[in-house]
Amino acid sequence: IRVYPYSRQSKEQNFKIIFNDETPLNVVLKEISDNFDETSMSLTPQDMGFSIMSSINKGKSVILYIYNDEETHVAFRAIQKQQQYHDYIEYGRIKNPPKEILQQLGGIEILPRLICAFVNREITEAEPVKTEEIQVAQYTGELDYEQMKNFAEMFIEMKGGFANRKTIDQVKYQSDFDRLCIKKGGLCLIALLNGSPSEENQKKIENLIEEMKSVKARFAQNPINFMWIDARCHSSLLKHFQLQTEYLPTAIIYSPSRKFYSNLVGIFDKDSLRLFVENALKGRIAQYPLKDQIEIDEQDCAAAVSYTHLTLPTIYSVQISVVAVSLKKK
């Protein structure tokens, strides 16, 4: 049953459609489809190249739906609702393109077709993208939501957008703390971990940092910097936050400009960290004044674990062919 909000001003029926075993499948599918609006850019052969180039120069990949039906597939519209993708992907659609456009986009022969235009490097203002650098990957699987989502996530990972390609830097010296926190502005989330060199603890640190990566990716556009410190080695740091080594692992959020800090309450996992960051950004968290300046003592933490490697990307069961294509204007 599809339930709509009840209006106190009217006693009209609350239900748009009642689904039962006699409801035709096409009615059910239309009801579902109608709830996913099309929000992608509508492109023409004339503006396609410019639009793709503009998006890529903003550091985003472009997923383009090429079709000759009346409307785009509901799975494509559903993927556009993934808010966490919007920092890394822009969506476009082009209907009934001429053969020369299909050839330009990798020799497309069958419609509908999903492609991704991307550049496999960091984009900077000093080094904008050239047309010959743009590559196109074709998605050749079924029009299935999960597989199309996996296709999109491959290019997010390529750009370092998802958790397993993000880096959480370790603070070892005062210069690290100044660079990662003080000089960046905004808030600083500092994970205080036990850097014991045992094999079991190394694995634990890796898992904890994976949790942090997930949260960092979620708040990538917010003014908060993520880092971690071996609080076993830099134990004098704990006194600033009224903590002891028995409380590890934990985290604090520090404001360099306002000189206050907040403590993580609860276990150290991505759900607790996410809520911790959300409340801090909204000012809905207990704040304590910091009496002394944070100083990272110069300890030899050679035994501490340094976690800097990248996790290998996940291999998805999606069949695609990647071909280099130059999106040159004619």
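The values are calculated or read from the model by the stated rules, or taken from the named source; none is laboratory data. Bear in mind that the values here come from a model prediction, so they are computed numbers and not experimental data. Glycine gets a Cβ as well: all are built from the backbone with ideal geometry, and neighbour counts include every protein chain shown. Keep in mind that these areas ignore ligands, DNA and RNA; they rest on the heavy atoms of the full protein, side chains included. Shrake-Rupley method; radii C 1.70, N 1.55, O 1.52, S 1.80 Å.
Of note:
- Test: residue in the range 126-136 that is within 16 Å of Ile66 (Cα to Cα) and open to solvent by less than 50 Å² (accessible area, probe 1.4 Å): yes
- Filtered by the rule that a residue be over 16 Å from Lys213 (Cα atoms), open to solvent by 20 Å² or more (accessible area, probe 1.4 Å) and small (Gly, Ala, Ser), the range 253-279 gives Ser257, Gly266.
- Counting residues in the range 212-223 that are buried (at least 19 other Cβ atoms within 10 Å of the Cβ) and modelled with pLDDT of 90 or more gives one or more.
- Unique match (being at negative phi and either touching a Pro at 6+ places or on another chain (Cβ under 9 Å) or in contact (Cβ under 8 Å) with a residue 40 or more places away in the chain (or both)) among Ser33, Ser54: Ser33
- Here Thr250 meets each of (1) free of Cβ contacts under 8 Å to residues at least 40 places away in the same chain; (2) hydroxyl-bearing (Ser, Thr, Tyr); (3) within 25 Å of Gln202 (Cα to Cα); (4) crowded, with 18+ Cβ neighbours inside 10 Å with one exception, condition (1).
- Criterion applied to Ile63, Ile89, Ile79 was being of a type outside the set (Ser, Thr, Tyr), modelled with pLDDT under 90 and closer than 29 Å to Arg274 by Cβ, and the one residue passing it is Ile79.
- Inside the range 84-99, residues that are open to solvent by 40 Å² or more (accessible area, probe 1.4 Å) and either under 28 Å from the mean Cα position of the chain (by Cα) or of a type in the set (S, T, N, Q) (or both) make up a count of 5.
- Within the range 115-141, residues that are more than 20 Å from Ala75 (Cβ to Cβ) and touching a residue at least 40 places away in the same chain (Cβ under 8 Å) have Cβ atoms under 7 Å from residues that are open to solvent by 60 Å² or more (accessible area, probe 1.4 Å) and among the charged types (D, E, K, R) in these pairs: Thr131/Lys328, counting only partners at least 6 apart in sequence or on another chain.
- Unmet criterion (only one of (1) open to solvent by less than 50 Å² (accessible area, probe 1.4 Å); (2) farther than 30 Å from Ala126 by Cα) for Asp37: (1)
- Filter result (of a type in the set (S, T, N, Q) and without any contact (Cβ under 8 Å) to a residue 60 or more places away in the chain) within the range 253-276: Ser262, Asn263, Ser272
- Conditions (1) open to solvent by less than 40 Å² (accessible area, probe 1.4 Å); (2) closer than 19 Å to Phe155 by Cβ; number of the one not met by Leu102: (2)
- Any hit, the range 226-241, residues being buried (at least 20 other Cβ atoms within 10 Å of the Cβ) and among the β-branched types (Val, Ile, Thr): yes
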